[in-house]
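Peer 1: Okay, handing you the structure first.
The values are calculated or read from the model by the stated rules, or taken from the named source; none is laboratory data. Given the structure is predicted, the values throughout are model-derived calculations rather than measurements. For neighbour counting, all protein chains shown are included, and Cβ atoms are generated from backbone atoms with ideal geometry for every residue, glycine included. Note: areas computed on protein heavy atoms with side chains; ligands, DNA, RNA excluded. Shrake-Rupley method; radii C 1.70, N 1.55, O 1.52, S 1.80 Å.
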Amino acid sequence: AQSVTQLGSHVSVSEGALVLLRCNYSSSVPPYLFWYVQYPNQGLQLLLKYTTGATLVKGINGFEAEFKKSETSFHLTKPSAHMSDAAEYFCAVSAFGDMRFGAGTRLTVKP
Amino acid sequence: EAQVTQNPRYLITVTGKKLTVTCSQNMNHEYMSWYRQDPGLGLRQIYYSMNVEVTDKGDVPEGYKVSRKEKRNFPLILESPSPNQTSLYFCASSSSGTVSYEQYFGPGTRLTVT
């Protein structure tokens, strides 16, 4: 079975600072990994995904994530935070159609 | 526009009064699922369906029912709602043609049971 652990339920950064949201996964088979973003009062929107191939994955809104098999990690980063990045972020792992989500990390961006 | 729709978006009801939350997708996806989102717990899967007439329990199925009579629709039924089912519910769909099963989410239904 798969599982996801997101380190830090709340992360606060200043506008223009680096964003780093941490995600570690557990999977008995090669995983597919995802980051979703949820803006207030909205559903989940896919930011990026890793399936196979290049381990550095670029997504929308300047976000990227790197799949590190040896560390079982899939951390999300963005070089420079913007106020509009304030949202909740979910890491997810999928295998054979079974998708499991982390508890989420709420990102606050301070002016 | 490709989308997953849910209705209603907001619902306040009383304990024991049966309700149904509808979910529909227009992407011809085989796979559909229901999640509930609670603070600090992320999204937990309630039920999923691999195709028409094929459904199975997720992690938190107690108190819920589903049916999949048509490919596009996957309603969630609470036959006797209780206050612990107050939550934010999401329907999602994906195509079995994509090995990653990337899921597309509806806008959510906020349910309050008093």
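Peer 1: Which strands (runs of 3 or more DSSP E) does the stretch B:26-72 wholly contain that include 3 or more residues that are closer than 17 Å to B:SER87 by Cβ?
Peer 2: Working: elements: B:31-38, B:42-51, B:54-57.
By residue number, B:31-38, B:42-51.
Peer 1: Sort out which residues of the stretch B:7-43 are farther than 14 Å from B:LEU78 by Cβ and crowded, with 17+ Cβ neighbours inside 10 Å, and write them in order of number.
Peer 2: At the first step, the residues of the stretch B:7-43 found to be farther than 14 Å from B:LEU78 by Cβ are B:7, B:9-10, B:24-33, B:35, B:37-43.
Hits for the stretch B:7-43 are B:SER24, B:GLN25, B:HIS29, B:GLU30, B:TYR31, B:MET32, B:SER33, B:TYR35, B:GLN37, B:GLY42, B:LEU43.
Peer 1: Specify the residue that is least open to solvent (accessible area, probe 1.4 Å); the eligible residues are those in the stretch A:9-18 that are in a strand (DSSP E or B) and under 14 Å from A:PRO111 (Cα atoms). Let's see the steps before the verdict.
Peer 2: To start, the set of residues in the stretch A:9-18 that are in a strand (DSSP E or B) comprises A:10-14.
Then drop every residue that is not under 14 Å from A:PRO111 (Cα atoms), which leaves A:12-14.
Numbers: A:SER12: 68, A:VAL13: 16, A:SER14: 54 Å².
Filtering the stretch A:9-18 for residues that are in a strand (DSSP E or B) and under 14 Å from A:PRO111 (Cα atoms), the one least open to solvent (accessible area, probe 1.4 Å) comes out as A:VAL13.
Peer 1: Which one of these is β-branched (Val, Ile, Thr) and more than 26 Å from B:SER33 (Cβ to Cβ): A:THR52, A:THR77? Let's see the steps before the verdict.
Peer 2: Working: A:THR52 fails: more than 26 Å from B:SER33 (Cβ to Cβ).
The unique qualifying residue is A:THR77.
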